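Here the structure comes first, spelled out in C-alpha coordinates, and everything after it is commentary.
The values are calculated or read from the model by the stated rules, or taken from the named source; none is laboratory data. Please read all numbers here as calculations on a predicted model, not as lab measurements. Every residue, glycine as well, gets a Cβ built from its backbone with ideal geometry; the counts of neighbours run over all protein chains shown.
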Amino acid sequence: MTLILGLESSCDDSAAALVTGDRRVLAHAVLGQNSAHQPYGGVVPEIAARAHVEVLPGLIRHVLDEAGCKPEQIDAVAATAGPGLIGGVMVGLLAGKGLALALRKPLVAVNHLEGHALSPRLTDPDLPFPYLLLLASGGHCQLLEVRGVGDYRRLATTIDDAAGEAFDKAAKLLGLGYPGGPAIEQLAREGDPHAVPLPRPLVGSGEPHFSFAGLKSAVQRAVAAHVHRPADIAASFQQAVVDCLIDRTRLALDRSDVPTLVVAGGVAANRRIRSALQELAEASGRRFSVPPGWLCTDNAAMIAWAGAERFAHGFIDRLDAPARARWPLDAAAETVRGAGVKA
Ligand code: KG4
Ligand code: ZN
(Lines give C-alpha, C1' and ligand atoms only; values in the text may rest on other atoms or scores of the structure.)
(Ligands and ions follow the chains in the order given, each with its own letter.)
Protein backbone atom coordinates (compact mmCIF):
# COMPACT_ATOMS: atom_id res chain seq x y z
CA MET A 1 0.00 0.00 0.00
CA THR A 2 1.31 3.46 -0.86
CA LEU A 3 2.67 5.48 2.01
CA ILE A 4 2.57 9.28 1.75
CA LEU A 5 4.35 11.79 3.98
CA GLY A 6 2.42 15.07 4.20
CA LEU A 7 3.84 18.46 5.26
CA GLU A 8 1.84 21.60 6.09
CA SER A 9 3.24 25.08 6.79
CA SER A 10 1.00 27.59 4.99
CA CYS A 11 -0.01 29.64 8.03
CA ASP A 12 0.74 29.32 11.75
CA ASP A 13 0.51 25.54 12.17
CA SER A 14 3.47 23.27 11.41
CA ALA A 15 2.33 19.73 10.70
CA ALA A 16 3.51 16.36 9.43
CA ALA A 17 1.58 13.14 8.82
CA LEU A 18 1.93 9.67 7.39
CA VAL A 19 -1.15 8.42 5.56
CA THR A 20 -1.68 5.31 3.43
CA GLY A 21 -3.49 5.03 0.13
CA ASP A 22 -6.14 2.90 1.86
CA ARG A 23 -7.05 5.72 4.26
CA ARG A 24 -5.05 4.82 7.35
CA VAL A 25 -3.58 7.75 9.29
CA LEU A 26 -0.46 6.07 10.71
CA ALA A 27 0.68 9.21 12.54
CA HIS A 28 -0.03 12.92 12.50
CA ALA A 29 1.24 15.83 14.53
CA VAL A 30 0.42 19.56 14.57
CA LEU A 31 2.32 22.28 16.40
CA GLY A 32 0.64 25.68 16.63
CA GLN A 33 2.54 28.92 17.18
CA ASN A 34 -0.02 30.87 19.19
CA SER A 35 2.33 32.03 21.93
CA ALA A 36 4.94 33.29 19.40
CA HIS A 37 2.38 35.59 17.73
CA GLN A 38 0.40 36.53 20.86
CA PRO A 39 2.29 39.79 21.63
CA TYR A 40 1.53 41.11 18.13
CA GLY A 41 -2.22 40.38 18.07
CA GLY A 42 -2.04 38.45 14.80
CA VAL A 43 0.13 36.09 12.75
CA VAL A 44 3.53 37.66 11.88
CA PRO A 45 4.70 36.03 8.59
CA GLU A 46 8.43 36.22 9.37
CA ILE A 47 7.99 34.67 12.82
CA ALA A 48 5.77 31.95 11.32
CA ALA A 49 8.36 31.03 8.66
CA ARG A 50 11.20 30.82 11.19
CA ALA A 51 9.09 28.69 13.53
CA HIS A 52 8.37 26.22 10.70
CA VAL A 53 12.13 25.94 10.07
CA GLU A 54 12.68 25.12 13.73
CA VAL A 55 9.97 22.52 14.24
CA LEU A 56 9.35 20.72 10.93
CA PRO A 57 12.40 18.39 11.07
CA GLY A 58 11.43 17.21 14.56
CA LEU A 59 7.80 16.70 13.52
CA ILE A 60 8.87 14.57 10.54
CA ARG A 61 11.08 12.42 12.77
CA HIS A 62 8.25 12.15 15.30
CA VAL A 63 5.64 10.84 12.83
CA LEU A 64 8.13 8.34 11.36
CA ASP A 65 8.92 7.04 14.87
CA GLU A 66 5.29 6.91 15.89
CA ALA A 67 4.30 4.99 12.75
CA GLY A 68 7.34 2.72 13.05
CA CYS A 69 8.33 3.59 9.48
CA LYS A 70 11.70 4.18 7.87
CA PRO A 71 12.07 7.13 5.47
CA GLU A 72 12.83 4.67 2.63
CA GLN A 73 9.31 3.21 2.97
CA ILE A 74 7.70 6.49 1.89
CA ASP A 75 6.33 6.31 -1.68
CA ALA A 76 5.82 10.05 -2.23
CA VAL A 77 6.26 13.33 -0.35
CA ALA A 78 3.27 15.70 -0.40
CA ALA A 79 3.90 19.28 0.70
CA THR A 80 1.64 22.33 0.72
CA ALA A 81 2.79 24.62 -2.11
CA GLY A 82 0.23 27.39 -1.44
CA PRO A 83 -1.88 29.41 -1.03
CA GLY A 84 -0.64 30.97 2.20
CA LEU A 85 2.07 33.06 3.80
CA ILE A 86 4.84 32.69 1.26
CA GLY A 87 7.77 32.33 3.68
CA GLY A 88 6.13 29.45 5.52
CA VAL A 89 4.98 27.78 2.30
CA MET A 90 8.57 27.91 1.01
CA VAL A 91 9.91 26.31 4.19
CA GLY A 92 7.57 23.30 4.01
CA LEU A 93 7.81 22.91 0.25
CA LEU A 94 11.62 23.05 0.32
CA ALA A 95 11.67 20.48 3.12
CA GLY A 96 9.47 18.25 0.95
CA LYS A 97 11.67 18.77 -2.09
CA GLY A 98 14.81 17.95 -0.10
CA LEU A 99 13.29 14.73 1.21
CA ALA A 100 11.97 13.73 -2.22
CA LEU A 101 15.39 14.33 -3.73
CA ALA A 102 17.28 12.47 -1.00
CA LEU A 103 14.87 9.51 -1.01
CA ARG A 104 14.52 9.54 -4.82
CA LYS A 105 10.73 9.59 -4.43
CA PRO A 106 8.20 11.77 -6.25
CA LEU A 107 7.06 15.14 -4.92
CA VAL A 108 3.39 16.10 -4.91
CA ALA A 109 2.92 19.88 -4.59
CA VAL A 110 -0.47 20.17 -2.89
CA ASN A 111 -2.86 23.11 -2.94
CA HIS A 112 -3.83 23.68 0.71
CA LEU A 113 -7.44 24.27 -0.39
CA GLU A 114 -7.45 20.92 -2.18
CA GLY A 115 -6.26 19.41 1.11
CA HIS A 116 -9.41 20.79 2.79
CA ALA A 117 -11.59 19.90 -0.21
CA LEU A 118 -10.59 16.23 -0.30
CA SER A 119 -10.26 15.77 3.50
CA PRO A 120 -13.79 14.33 3.90
CA ARG A 121 -12.84 11.43 1.61
CA LEU A 122 -10.11 10.36 4.03
CA THR A 123 -12.59 9.47 6.79
CA ASP A 124 -15.67 8.83 4.61
CA PRO A 125 -14.65 6.12 2.12
CA ASP A 126 -18.11 6.07 0.54
CA LEU A 127 -18.06 9.74 -0.41
CA PRO A 128 -18.13 9.81 -4.22
CA PHE A 129 -17.65 12.76 -6.58
CA PRO A 130 -19.33 15.09 -7.29
CA TYR A 131 -20.23 16.95 -4.10
CA LEU A 132 -21.06 20.50 -3.11
CA LEU A 133 -18.38 21.76 -0.73
CA LEU A 134 -18.69 24.64 1.71
CA LEU A 135 -15.04 25.48 2.40
CA ALA A 136 -14.96 27.77 5.42
CA SER A 137 -11.60 28.57 6.99
CA GLY A 138 -9.57 31.50 8.28
CA GLY A 139 -8.64 32.63 4.77
CA HIS A 140 -11.53 31.41 2.62
CA CYS A 141 -15.29 31.06 2.43
CA GLN A 142 -16.32 29.40 -0.80
CA LEU A 143 -18.92 27.10 -2.29
CA LEU A 144 -17.35 24.71 -4.78
CA GLU A 145 -18.56 21.85 -6.89
CA VAL A 146 -15.94 19.14 -6.37
CA ARG A 147 -16.14 17.03 -9.53
CA GLY A 148 -12.99 14.97 -9.08
CA VAL A 149 -9.37 15.20 -8.02
CA GLY A 150 -8.06 18.47 -9.45
CA ASP A 151 -11.48 19.37 -10.89
CA TYR A 152 -13.24 22.21 -9.07
CA ARG A 153 -15.84 24.77 -10.04
CA ARG A 154 -16.27 27.73 -7.72
CA LEU A 155 -19.91 28.76 -7.33
CA ALA A 156 -19.43 31.48 -4.72
CA THR A 157 -16.88 33.24 -2.56
CA THR A 158 -16.75 35.98 0.06
CA ILE A 159 -16.79 39.58 -1.07
CA ASP A 160 -14.88 40.68 2.06
CA ASP A 161 -13.90 38.59 5.11
CA ALA A 162 -13.72 34.80 5.40
CA ALA A 163 -16.00 33.08 7.93
CA GLY A 164 -13.11 32.10 10.21
CA GLU A 165 -11.70 35.62 9.96
CA ALA A 166 -15.10 36.92 11.17
CA PHE A 167 -14.93 34.56 14.18
CA ASP A 168 -11.36 35.74 14.91
CA LYS A 169 -12.26 39.44 14.66
CA ALA A 170 -15.41 39.06 16.77
CA ALA A 171 -13.39 37.15 19.39
CA LYS A 172 -10.80 39.91 19.49
CA LEU A 173 -13.54 42.52 20.02
CA LEU A 174 -14.87 40.41 22.91
CA GLY A 175 -11.39 40.16 24.41
CA LEU A 176 -11.12 36.41 23.73
CA GLY A 177 -7.96 34.68 22.53
CA TYR A 178 -6.85 33.54 19.07
CA PRO A 179 -8.04 31.48 17.26
CA GLY A 180 -11.43 33.00 17.88
CA GLY A 181 -13.66 30.22 16.57
CA PRO A 182 -13.31 27.76 19.45
CA ALA A 183 -13.41 30.61 22.02
CA ILE A 184 -16.66 32.03 20.59
CA GLU A 185 -18.20 28.57 20.33
CA GLN A 186 -17.49 27.93 23.99
CA LEU A 187 -18.74 31.29 25.26
CA ALA A 188 -21.83 31.05 23.04
CA ARG A 189 -22.99 27.98 24.98
CA GLU A 190 -23.87 30.27 27.91
CA GLY A 191 -25.57 32.90 25.77
CA ASP A 192 -28.92 33.58 24.09
CA PRO A 193 -28.54 33.46 20.27
CA HIS A 194 -31.49 35.84 19.85
CA ALA A 195 -30.50 38.42 22.47
CA VAL A 196 -28.58 40.82 20.22
CA PRO A 197 -30.01 41.94 16.87
CA LEU A 198 -27.23 41.52 14.28
CA PRO A 199 -27.33 41.76 10.47
CA ARG A 200 -27.17 38.79 8.06
CA PRO A 201 -25.21 40.31 5.15
CA LEU A 202 -26.27 39.15 1.65
CA VAL A 203 -28.95 36.79 2.98
CA GLY A 204 -31.65 36.57 0.32
CA SER A 205 -29.44 37.95 -2.46
CA GLY A 206 -29.52 36.29 -5.86
CA GLU A 207 -25.97 34.94 -6.01
CA PRO A 208 -24.70 32.64 -3.27
CA HIS A 209 -21.75 34.86 -2.27
CA PHE A 210 -20.82 35.62 1.35
CA SER A 211 -20.08 38.80 3.30
CA PHE A 212 -19.10 39.13 6.95
CA ALA A 213 -17.54 42.59 7.30
CA GLY A 214 -20.85 44.27 8.25
CA LEU A 215 -21.47 41.63 10.89
CA LYS A 216 -18.10 42.35 12.47
CA SER A 217 -18.87 46.09 12.58
CA ALA A 218 -22.23 45.34 14.24
CA VAL A 219 -20.45 43.23 16.87
CA GLN A 220 -18.07 46.14 17.43
CA ARG A 221 -21.03 48.46 18.10
CA ALA A 222 -22.72 45.90 20.37
CA VAL A 223 -19.54 45.50 22.45
CA ALA A 224 -19.07 49.28 22.70
CA ALA A 225 -22.68 49.79 23.85
CA HIS A 226 -22.06 47.75 27.04
CA VAL A 227 -25.71 46.70 27.09
CA HIS A 228 -25.40 42.99 26.39
CA ARG A 229 -23.57 40.16 28.14
CA PRO A 230 -20.51 38.97 26.18
CA ALA A 231 -22.00 35.45 26.09
CA ASP A 232 -25.16 36.83 24.43
CA ILE A 233 -23.07 38.71 21.85
CA ALA A 234 -21.04 35.56 21.13
CA ALA A 235 -24.17 33.41 20.78
CA SER A 236 -25.93 35.98 18.60
CA PHE A 237 -22.86 36.38 16.40
CA GLN A 238 -22.52 32.63 15.96
CA GLN A 239 -26.22 32.39 15.08
CA ALA A 240 -25.84 35.16 12.48
CA VAL A 241 -22.92 33.29 10.85
CA VAL A 242 -24.95 30.07 10.86
CA ASP A 243 -27.89 31.86 9.20
CA CYS A 244 -25.60 33.34 6.51
CA LEU A 245 -23.89 30.02 5.77
CA ILE A 246 -27.21 28.14 5.62
CA ASP A 247 -28.99 30.68 3.40
CA ARG A 248 -26.11 30.87 0.91
CA THR A 249 -25.56 27.10 0.85
CA ARG A 250 -29.29 26.48 0.39
CA LEU A 251 -29.27 28.72 -2.69
CA ALA A 252 -26.29 26.82 -4.15
CA LEU A 253 -28.02 23.48 -3.43
CA ASP A 254 -31.22 24.71 -5.11
CA ARG A 255 -29.21 25.38 -8.25
CA SER A 256 -27.27 22.14 -8.24
CA ASP A 257 -28.11 18.49 -8.71
CA VAL A 258 -25.14 17.10 -6.75
CA PRO A 259 -26.30 14.38 -4.32
CA THR A 260 -24.03 15.29 -1.38
CA LEU A 261 -23.27 18.32 0.78
CA VAL A 262 -19.86 18.51 2.41
CA VAL A 263 -18.34 21.09 4.77
CA ALA A 264 -14.62 21.38 5.48
CA GLY A 265 -12.05 23.91 6.76
CA GLY A 266 -11.46 25.17 10.29
CA VAL A 267 -14.96 26.65 10.71
CA ALA A 268 -16.43 23.19 10.03
CA ALA A 269 -15.12 22.21 13.48
CA ASN A 270 -17.99 24.28 14.95
CA ARG A 271 -20.77 22.03 16.28
CA ARG A 272 -23.63 24.48 15.64
CA ILE A 273 -22.47 24.95 12.07
CA ARG A 274 -22.09 21.20 11.50
CA SER A 275 -25.55 20.40 12.82
CA ALA A 276 -27.26 23.26 10.94
CA LEU A 277 -25.68 22.11 7.66
CA GLN A 278 -26.64 18.52 8.38
CA GLU A 279 -30.27 19.61 8.85
CA LEU A 280 -30.11 21.57 5.60
CA ALA A 281 -28.72 18.57 3.72
CA GLU A 282 -31.40 16.26 5.12
CA ALA A 283 -34.18 18.75 4.35
CA SER A 284 -33.03 18.92 0.72
CA GLY A 285 -32.69 15.14 0.37
CA ARG A 286 -28.88 15.23 0.23
CA ARG A 287 -26.34 13.03 1.88
CA PHE A 288 -24.13 14.96 4.35
CA SER A 289 -20.46 14.49 5.14
CA VAL A 290 -18.07 16.37 7.40
CA PRO A 291 -14.61 15.33 8.59
CA PRO A 292 -13.90 14.96 12.34
CA GLY A 293 -12.90 18.24 14.00
CA TRP A 294 -9.14 17.52 14.06
CA LEU A 295 -9.22 17.08 10.27
CA CYS A 296 -11.13 20.38 9.74
CA THR A 297 -8.51 22.70 11.25
CA ASP A 298 -5.12 22.83 9.53
CA ASN A 299 -3.21 19.55 9.65
CA ALA A 300 -0.92 17.49 7.46
CA ALA A 301 -3.08 14.35 7.22
CA MET A 302 -5.29 16.21 4.73
CA ILE A 303 -2.21 17.23 2.75
CA ALA A 304 -0.92 13.65 2.75
CA TRP A 305 -4.37 12.41 1.69
CA ALA A 306 -4.68 14.95 -1.15
CA GLY A 307 -1.16 13.85 -2.10
CA ALA A 308 -2.30 10.21 -2.08
CA GLU A 309 -5.29 11.02 -4.30
CA ARG A 310 -3.11 13.01 -6.73
CA PHE A 311 -0.38 10.35 -6.70
CA ALA A 312 -2.97 7.67 -7.54
CA HIS A 313 -3.90 9.77 -10.60
CA GLY A 314 -0.26 10.13 -11.64
CA PHE A 315 -0.24 13.85 -10.76
CA ILE A 316 3.31 14.36 -9.53
CA ASP A 317 5.40 17.52 -9.66
CA ARG A 318 8.87 18.55 -10.66
CA LEU A 319 11.35 19.73 -8.05
CA ASP A 320 11.07 23.28 -9.40
CA ALA A 321 7.35 23.45 -8.50
CA PRO A 322 6.77 27.03 -7.27
CA ALA A 323 5.56 28.14 -3.85
CA ARG A 324 2.47 30.30 -4.38
CA ALA A 325 0.98 32.95 -2.12
CA ARG A 326 -2.22 32.81 -4.18
CA TRP A 327 -3.55 29.71 -5.86
CA PRO A 328 -7.31 29.49 -6.52
CA LEU A 329 -8.77 25.98 -6.89
CA ASP A 330 -10.83 27.10 -9.85
CA ALA A 331 -8.51 29.20 -12.00
CA ALA A 332 -11.40 30.10 -14.33
CA ALA A 333 -13.55 31.62 -11.56
CA GLU A 334 -14.26 35.30 -12.09
CA THR A 335 -13.12 37.90 -9.63
CA VAL A 336 -16.11 39.00 -7.59
CA ARG A 337 -16.58 42.70 -6.99
CA GLY A 338 -15.25 43.55 -3.52
CA ALA A 339 -13.25 40.31 -3.29
CA GLY A 340 -10.01 41.73 -4.62
CA VAL A 341 -7.81 40.47 -1.84
CA LYS A 342 -9.06 36.89 -1.60
CA ALA A 343 -7.73 33.96 -3.63
O1 KG4 B 1 -8.61 25.72 8.15
P2 KG4 B 1 -7.97 26.51 9.23
O3 KG4 B 1 -7.34 25.77 10.39
O4 KG4 B 1 -6.84 27.46 8.66
C5 KG4 B 1 -6.98 28.12 7.43
O6 KG4 B 1 -6.71 27.47 6.39
O7 KG4 B 1 -7.40 29.28 7.49
O8 KG4 B 1 -9.07 27.52 9.77
C9 KG4 B 1 -8.78 28.36 10.84
C10 KG4 B 1 -10.02 29.17 11.14
C11 KG4 B 1 -9.80 30.23 12.19
O12 KG4 B 1 -10.32 31.45 11.71
C13 KG4 B 1 -10.57 29.71 13.39
O14 KG4 B 1 -11.09 30.73 14.22
C15 KG4 B 1 -11.67 28.92 12.73
O16 KG4 B 1 -11.08 28.31 11.61
N17 KG4 B 1 -12.21 27.91 13.64
C18 KG4 B 1 -13.48 27.89 14.08
C19 KG4 B 1 -13.56 26.83 15.01
N20 KG4 B 1 -12.35 26.22 15.07
C21 KG4 B 1 -11.52 26.90 14.22
N22 KG4 B 1 -14.53 28.69 13.79
C23 KG4 B 1 -15.68 28.44 14.43
N24 KG4 B 1 -15.84 27.47 15.34
C25 KG4 B 1 -14.82 26.64 15.66
N26 KG4 B 1 -14.99 25.67 16.57
ZN1 ZN C 1 -6.62 25.67 6.12
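In the set THR297, THR249, THR260, only one residue is touching a residue at least 24 places away in the same chain (Cβ under 8 Å), within 14 Å of ligand 1 (Cβ to nearest atom) and among the hydroxyl-bearing types (Ser, Thr, Tyr); that residue is THR297. The C-beta contact set for the range 21-38 (first residue at pLDDT below 95, second residue of a type outside the set (Val, Ile, Thr), distance under 6 angstrom, 6+ apart or interchain) comprises GLY32/ASP13; GLN33/ASP12; GLN33/ALA51; ALA36/ALA51.
Does VAL263 qualify as being farther than 30 Å from GLY21 by Cβ, assigned by TED's automatic domain parsing to the domain that holds PRO197 and not charged (D, E, K, R)?
no
In the range 175-194, what residues are of a type in the set (A, V, I, L, M, F, W, C), outside any helix (DSSP H, G or I) and more than 18 Å from ASN34 (Cα to Cα)? If the condition is that a residue be of a type in the set (A, V, I, L, M, F, W, C), outside any helix (DSSP H, G or I) and more than 18 Å from ASN34 (Cα to Cα), then no residue fits.
Considering the range 99-144, and only residues there that are within 13 Å of ligand 2 (Cβ to nearest atom) and of a type in the set (Ser, Thr, Tyr), the residue that is farthest from the chain's Cα centre (by Cα) turns out to be SER119. Is there a residue in the range 145-166 that is in contact with a Cys (Cβ under 6 Å, 6 or more places away or on another chain), in a loop (DSSP other than H, G, I, E, B) and hydrophobic (A, V, I, L, M, F, W, C)? Yes; the residues of the range 145-166 include at least one that is in contact with a Cys (Cβ under 6 Å, 6 or more places away or on another chain), in a loop (DSSP other than H, G, I, E, B) and hydrophobic (A, V, I, L, M, F, W, C). Filtered by the rule that a residue be surrounded by fewer than 18 Cβ atoms within 10 Å (Cβ to Cβ) and under 12 Å from PRO230 (Cβ atoms), the range 175-191 gives GLY175, GLN186, GLU190. Among the residues making up the range 273-308, those that are away from ligand 2 (no atom under 13 Å from the Cβ), crowded, with 24+ Cβ neighbours inside 10 Å and within 19 Å of LEU18 (Cα to Cα) are ALA304, TRP305, GLY307, ALA308.
Of the residues in the range 79-90, not one is closer than 23 Å to TRP294 by Cα, away from ligand 1 (no atom under 16 Å from the Cβ) and crowded, with 17+ Cβ neighbours inside 10 Å.
So, in the range 253-262, how many residues would count as being closer than 20 Å to ASP124 by Cβ and outside any loop (DSSP other than H, G, I, E, B)? Here the count works out to 4. The residue list VAL55, VAL43 contains one member that is in contact with a Leu (Cβ under 6 Å, 6 or more places away or on another chain), of a type in the set (A, V, I, L, M, F, W, C) and either more than 19 Å from LEU319 (Cβ to Cβ) or surrounded by fewer than 20 Cβ atoms within 10 Å (Cβ to Cβ) (or both), which is VAL55.
With the structure loaded, tell me whether GLU72 is at pLDDT 95 or above and either in contact with a strand residue (DSSP E or B) (Cβ under 9 Å, 6 or more places away or on another chain) or within 14 Å of ligand 2 (Cβ to nearest atom) (or both) or whether it fails that test.
When the stated conditions are applied, GLU72 does not pass them.
Taking (1) modelled with pLDDT of 95 or more; (2) surrounded by fewer than 21 Cβ atoms within 10 Å (Cβ to Cβ); (3) within 16 Å of ligand 2 (Cβ to nearest atom); (4) not in a helix (DSSP H, G or I) in turn, PRO197 satisfies each apart from (3). Note on the range 269-294: among residues that are of a type in the set (D, E, K, R) and without any contact (Cβ under 8 Å) to a residue 24 or more places away in the chain, the one that is nearest to ligand 1 (Cβ to nearest atom) is ARG274.
Of all residues in the range 110-137, those that are assigned to a loop (DSSP other than H, G, I, E, B) and closer than 19 Å to LEU7 by Cα total 2.
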